[in-house]
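Visitor: Below is a structure I'd like to ask you about.
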């Protein structure tokens, strides 16, 4: 898990990144780009949630609160104070990180998984209710509109870059930057001493603490880092979709979607949540024709994967896993290692 | 106060859980470099006492001094960094990590890079005889191997005081002699050991001095011979154990 990727793994990652970056140049379909943008946003969300839950073992079910806080903070501040979203979005990430610290403090004192889940879920529900109640500012469920788009700029070779609803490509690249940035930062963290500490804490808090690992420090770090990423993604979402309601960015179904993506892809793996996000976002859209039944299919898929593939779809890549370094047992990256049993 | 010879001084230690007094007014001292055995029937408070010394529980009365410093209010991670390490009665491996990574985790608070942690972990993995299992996941190990893993992990914190909670507990008979030899070798490194052990033969053989606990109170302290011949110990523990068969004898 903590070894660097083998050359084949690096090649595979480079190919995927390249494909992602080249896609809008060869495929101009606005709808396809929109789907990939959403996949990247929710993929990054799932990666950030999985960092706290899958790697550090903090079973939080209220991460959509940070998405909503980031979205509403950036939307309201940029709209009401006429500050560019390029500034309000990262600040929204910081605000979400601070909110993460506030939630983490009670979570630190609780070791029972169901209680952590309830506290975090309750926090998200409080945020949703507050945003619904303060109608004069947020417009509640009537929807907050008039959110400014990102300001355009001019690039040396490419020329003018404009952000508007008709032109997806600039948004695509901002989303790709956020997605790749989140994944890169997560991989760096997981494959560092911090990652070792997080997994140790997940597997046994008592043992980790007995080895001198400061539980408080690592839990606060992972919770706030994860909340920062999700808050930033929420801010991007606000300036991309340009319409917010408390139920769209703070509804429990958003959290369930992200949990579903992570479970289906593979909880506690680096690649699983990304795979799950792309499969579900694009899959749910592809099933639009069957109407409400798609949520039924979606639910059945989660049940099937949890029952028969508890390690997630990423287990399908097992043959590739050791070489590509994507799975849970990604330590087997060197040529002298035998295949991982099981 | 501890003398220069004492590494640990426990004074009037007590803890109650609601109405239950688990440990009551226990005082003892452990000298640097010795093996100190804790003996007592089930529910005597041995593991609770361990948790108090390691910091996993905080006492309702009394003080704990380690190398002259009052550590009573410190968290387990702070005590670990001061030089107190422990193993667990029911082993607590980091299941999804390899043997080597488990031991590397002991270096998180002590080294900066993974490479340094790996280098520091290697000798301890070899010392406990798990060199061949270096890359196996901890969840794939047998109970005896998990006990060895915990010894390696605890020793990798470079402790001066090591608390061993039932090293042979739950281990198959064939693996016990190897574990006893390992503990005997640990003391050669100079680390001070406190043992909790159900197996009377094991603890008698390994300990320099012993303390006998019953219902959270100290009944006797002395050499293994003195403890074995103490009338309270004979009636409470050995008598019952002999009557109950050789399992605990």
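The values are calculated or read from the model by the stated rules, or taken from the named source; none is laboratory data. Quick caveat, the model's predicted, so the values are computed rather than measured. In this analysis, Cβ positions are derived from the backbone assuming ideal geometry, glycine residues included, and neighbour counts consider all displayed protein chains.
Visitor: When region A:307-317 is examined, which residues are found to be touching a helix residue (DSSP H, G or I) at 6+ places or on another chain (Cβ under 6 Å) and not in a loop (DSSP other than H, G, I, E, B)?
Guide: Here is the first cut: in region A:307-317, the ones touching a helix residue (DSSP H, G or I) at 6+ places or on another chain (Cβ under 6 Å) are A:309, A:312-314.
A:313, A:314 - these are the residues of region A:307-317 that are touching a helix residue (DSSP H, G or I) at 6+ places or on another chain (Cβ under 6 Å) and not in a loop (DSSP other than H, G, I, E, B).
Visitor: If we scan region B:200-212, do we find a residue that is over 12 Å from residue B:37 (Cα atoms), surrounded by fewer than 22 Cβ atoms within 10 Å (Cβ to Cβ) and out of contact with any helix residue (DSSP H, G or I) (no Cβ under 8 Å at 6 or more places or on another chain)?
Guide: First, pick out the residues of region B:200-212 that are over 12 Å from residue B:37 (Cα atoms): none.
Checking region B:200-212: not a single residue is over 12 Å from residue B:37 (Cα atoms), surrounded by fewer than 22 Cβ atoms within 10 Å (Cβ to Cβ) and out of contact with any helix residue (DSSP H, G or I) (no Cβ under 8 Å at 6 or more places or on another chain).
Visitor: Okay, moving on. Residues that are more than 9 Å from chain B (Cβ to nearest Cβ) and either surrounded by fewer than 24 Cβ atoms within 10 Å (Cβ to Cβ) or on the phi > 0 side of the Ramachandran plot (or both): does region A:227-238 have at least one?
Guide: In the first step, residues of region A:227-238 are kept if they are more than 9 Å from chain B (Cβ to nearest Cβ); the result is A:227-238.
Next cut, either surrounded by fewer than 24 Cβ atoms within 10 Å (Cβ to Cβ) or on the phi > 0 side of the Ramachandran plot (or both) only: none.
No, there is no match, as no residue in region A:227-238 is more than 9 Å from chain B (Cβ to nearest Cβ) and either surrounded by fewer than 24 Cβ atoms within 10 Å (Cβ to Cβ) or on the phi > 0 side of the Ramachandran plot (or both).
Visitor: Right, here's the next one. Kindly check whether there is at least one residue in region A:182-195 that is under 12 Å from residue A:41 (Cα atoms) and away from chain B (no Cβ under 14 Å). Can you show your working first?
Guide: Residues of region A:182-195 that are under 12 Å from residue A:41 (Cα atoms), as a first pass: A:182-183.
Still in the running and away from chain B (no Cβ under 14 Å): A:182-183.
Yes, that holds for at least one residue.
Visitor: Can you tell me which of A:12, A:19 is part of a helix (DSSP H, G or I) and under 30 Å from residue B:138 (Cα atoms)? If you could, list the steps in order and put the result at the bottom.
Guide: Numbers: A:19 fails: under 30 Å from residue B:138 (Cα atoms).
Step by step, each of A:12, A:19 is checked, and only A:12 is part of a helix (DSSP H, G or I) and under 30 Å from residue B:138 (Cα atoms).
Visitor: For residue B:41, only one of the following conditions fails: (1) at pLDDT below 90; (2) surrounded by 16 or more Cβ atoms within 10 Å (Cβ to Cβ); (3) more than 20 Å from residue B:213 (Cβ to Cβ). What is its number?
Guide: Only one criterion in (1) at pLDDT below 90; (2) surrounded by 16 or more Cβ atoms within 10 Å (Cβ to Cβ); (3) more than 20 Å from residue B:213 (Cβ to Cβ) is unmet by residue B:41, namely (3).
Visitor: Does residue B:52 fit the bill of being within 14 Å of chain A (Cβ to nearest Cβ), more than 30 Å from residue A:191 (Cα to Cα) and crowded, with 23+ Cβ neighbours inside 10 Å?
Guide: Spelling it out, residue B:52 is indeed within 14 Å of chain A (Cβ to nearest Cβ), more than 30 Å from residue A:191 (Cα to Cα) and crowded, with 23+ Cβ neighbours inside 10 Å.
Visitor: Look through B:16, B:65 and report the one residue that is more than 13 Å from every other protein chain (Cβ to nearest Cβ), surrounded by 16 or more Cβ atoms within 10 Å (Cβ to Cβ) and not in a loop (DSSP other than H, G, I, E, B).
Guide: Numbers: B:16 fails: surrounded by 16 or more Cβ atoms within 10 Å (Cβ to Cβ).
Going through B:16, B:65 in turn, just one is more than 13 Å from every other protein chain (Cβ to nearest Cβ), surrounded by 16 or more Cβ atoms within 10 Å (Cβ to Cβ) and not in a loop (DSSP other than H, G, I, E, B): B:65.
Visitor: Take residue A:248 and tell me if it is within 14 Å of chain B (Cβ to nearest Cβ) and at pLDDT below 95.
Guide: Details: within 14 Å of chain B (Cβ to nearest Cβ): no; at pLDDT below 95: yes.
No.
Visitor: Looking at region B:28-47, is at least one residue touching a residue at least 60 places away in the same chain (Cβ under 8 Å), within 29 Å of residue B:138 (Cβ to Cβ) and within 14 Å of chain A (Cβ to nearest Cβ)?
Guide: Scanning region B:28-47 turns up at least one residue that is touching a residue at least 60 places away in the same chain (Cβ under 8 Å), within 29 Å of residue B:138 (Cβ to Cβ) and within 14 Å of chain A (Cβ to nearest Cβ).
Visitor: Can you tell me which residues in region B:90-118 are closer than 25 Å to residue B:32 by Cβ and either part of a loop (DSSP other than H, G, I, E, B) or within 7 Å of chain A (Cβ to nearest Cβ) (or both)?
Guide: Residues satisfying the conditions are B:106, B:109, B:110.
Visitor: Look through A:294, A:217, A:288 and report the one residue that is closer than 30 Å to residue B:79 by Cβ, more than 20 Å from the chain's Cα centre (by Cα) and part of a helix (DSSP H, G or I). It would help to see each step written out before you state the result.
Guide: Numbers: A:294 fails: closer than 30 Å to residue B:79 by Cβ; A:288 fails: closer than 30 Å to residue B:79 by Cβ.
The match here is A:217.
Visitor: Also, quick follow-up: I need the full set of residues from region B:107-147 which are more than 26 Å from residue B:89 (Cβ to Cβ), crowded, with 17+ Cβ neighbours inside 10 Å and free of Cβ contacts under 8 Å to residues at least 12 places away in the same chain, in order please.
Guide: Hits for region B:107-147 are B:111, B:114.
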